[in-house]
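The values are calculated or read from the model by the stated rules, or taken from the named source; none is laboratory data. Because the structure is predicted, anything quoted here is derived from the model rather than measured. Quick reminder, even Gly has a Cβ in these numbers, built from the backbone with ideal geometry, and neighbours come from all protein chains shown.
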Amino acid sequence: MNKETKVAVVTGGAQGIGKCICEEFEKAGIKVCIIDLQDNSYFQGELADKETLEHFAQKVITEFGHVDYLINNAAPLNKGITACSYEDFCYAINVGVTAAFYLTKLFMPYFSEGASIVNISSSRDRMSQPQSESYTAAKGGIHALTHALAVSLSGRVRVNSISPGWIDTAYTIYEGPDATQQPAGRVGNPLDIANMVLFLCSDKAGFITGENICIDGGMTRQMIYHNDFGWKLEN
C-alpha cells in the first residue's frame with residue numbers, strides 16, 4: 001500500500017454513527033480500519049483491553065504503514081450511580097477515554113503529515129439526565145482529552161471533538177414536540193455527524209484544532225421552561 005493511500009481508523013465502526021462515518025470515508029476513496037466488539041470487516045476486539053489495542057494497531061501499521069485519520073467513536077457503557085459498579089465505571093472510562101488515548105499513543109510515530117484525530121463526545125459532556133454517570137464521565141473525559149492532545153501534538157496532528165445531541169441512527173422522521181423542541185426543527189441523524197467528521201479531517205479545516213463542536217440542533221442553547229416547546233415537567 002503506497003503512502004498516497006489515505007487510511008482512517010474508526011473505533012466502534014460496526015453500527016450507528018460509526019458505521020455511517022466509515023461509509024462516508026469509503027465513498028471518498030479512503031481505506032477504513034474498524035475496531036469494534038461486534039463483527040465487522042476488519043478487526044473484532046475489546047477496546048477496553050490493552051493487548052487487543054496493541055494487536056489492532058500493529059495490524060494497521062503492518063498493512064498500511066501510516067494513519068491519516070483516527071476517529072475515536074466507540075460508545076462507553078451507560079449506567080447510573082445506583083446500578084453502576086466500580087468495575088462498570090472503570091470499563092466505561094477504558095472504552096470511552098483510555099482507548100482513545102492509547103491508540104493515539106500507539107499511532108503517534110505513524111501519523112501522516114496533515115493527520116487529524118476526531119473524538120466523538122456527546123452533548124452529555126455539558127448536561128445530564130439522572131442515572132447516566134458512567135457515560136457522561138467518559139464523554140466529558142474525551143472532550144477534555146481532545147484539547148490536551150491538540151496541544152501535545154501541535155504542528156503534527158490536529159485534534160478536535162464532536163458532541164452529538166439526539167441522533168437517531170434509524171433515520172426516523174419525528175414530528176410534533178420531539179422535533180419542535182429543537183431549534184433546528186428536527187432530530188439529527190448519523191450523516192449530520194459523519195459530514196462534520198470528514199470536514200474536520202479535510203484541508204478545509206486546517207486552522208481548527210483543540211475545538212469541540214456540538215451538533216445538537218441547538219438544544220443546549222435553548223432555555224426551557226415547563227410547557228415550552230413540548231417540554232412538560234412531570235412529578
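Screening the stretch 1-117 for helices (runs of 4 or more DSSP H) wholly inside it with 3 or more residues that are over 23 Å from Leu153 (Cβ atoms) returns the ranges 16-27, 50-64, 86-93.
Going by what's in this entry, would Val151 be described as over 18 Å from Tyr91 (Cβ atoms), at pLDDT 95 or above and more than 16 Å from the chain's Cα centre (by Cα)? Against the criterion (over 18 Å from Tyr91 (Cβ atoms), at pLDDT 95 or above and more than 16 Å from the chain's Cα centre (by Cα)), Val151 qualifies.
This table checks each residue for (1) surrounded by fewer than 20 Cβ atoms within 10 Å (Cβ to Cβ); (2) under 26 Å from Gln38 (Cα atoms); (3) of a type in the set (A, V, I, L, M, F, W, C); (4) within 17 Å of the chain's Cα centre (by Cα).
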{"residue": "Leu70", "(1), (2), (3), (4)": "no, yes, yes, yes"}
{"residue": "Ala74", "(1), (2), (3), (4)": "no, yes, yes, yes"}
{"residue": "Gly80", "(1), (2), (3), (4)": "yes, yes, no, no"}
{"residue": "Pro109", "(1), (2), (3), (4)": "yes, no, no, no"}
{"residue": "Val118", "(1), (2), (3), (4)": "no, yes, yes, yes"}
{"residue": "Ser134", "(1), (2), (3), (4)": "no, yes, no, yes"}
{"residue": "Leu145", "(1), (2), (3), (4)": "no, yes, yes, yes"}
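In the stretch 168-184, is there at least one residue being out of contact with any helix residue (DSSP H, G or I) (no Cβ under 6 Å at 6 or more places or on another chain), within 26 Å of Ile93 (Cα to Cα) and either outside any helix (DSSP H, G or I) or touching a residue at least 24 places away in the same chain (Cβ under 8 Å) (or both)? Yes, the conditions are met somewhere in the stretch 168-184. Taken over the stretch 208-221, the criterion of being in contact (Cβ under 8 Å) with a residue 40 or more places away in the chain and either closer than 22 Å to Val10 by Cα or surrounded by fewer than 16 Cβ atoms within 10 Å (Cβ to Cβ) (or both) is satisfied by Ile208, Thr209, Gly210, Glu211, Asn212, Ile213, Cys214, Ile215, Asp216, Thr220. Scanning for something among the charged types (D, E, K, R), surrounded by fewer than 21 Cβ atoms within 10 Å (Cβ to Cβ) and assigned to a loop (DSSP other than H, G, I, E, B), does the stretch 186-207 turn up at least one residue? Scanning the stretch 186-207, I find at least one residue that is among the charged types (D, E, K, R), surrounded by fewer than 21 Cβ atoms within 10 Å (Cβ to Cβ) and assigned to a loop (DSSP other than H, G, I, E, B), so the answer is yes.
The single condition among (1) in contact with a Cys (Cβ under 9 Å, 6 or more places away or on another chain); (2) touching a residue at least 24 places away in the same chain (Cβ under 8 Å); (3) more than 23 Å from Ser121 (Cβ to Cβ) that Phe43 does not meet is (2). Filtering the stretch 19-36 for residues that are surrounded by 15 or more Cβ atoms within 10 Å (Cβ to Cβ) and in contact with a His (Cβ under 9 Å, 6 or more places away or on another chain) leaves an empty set.
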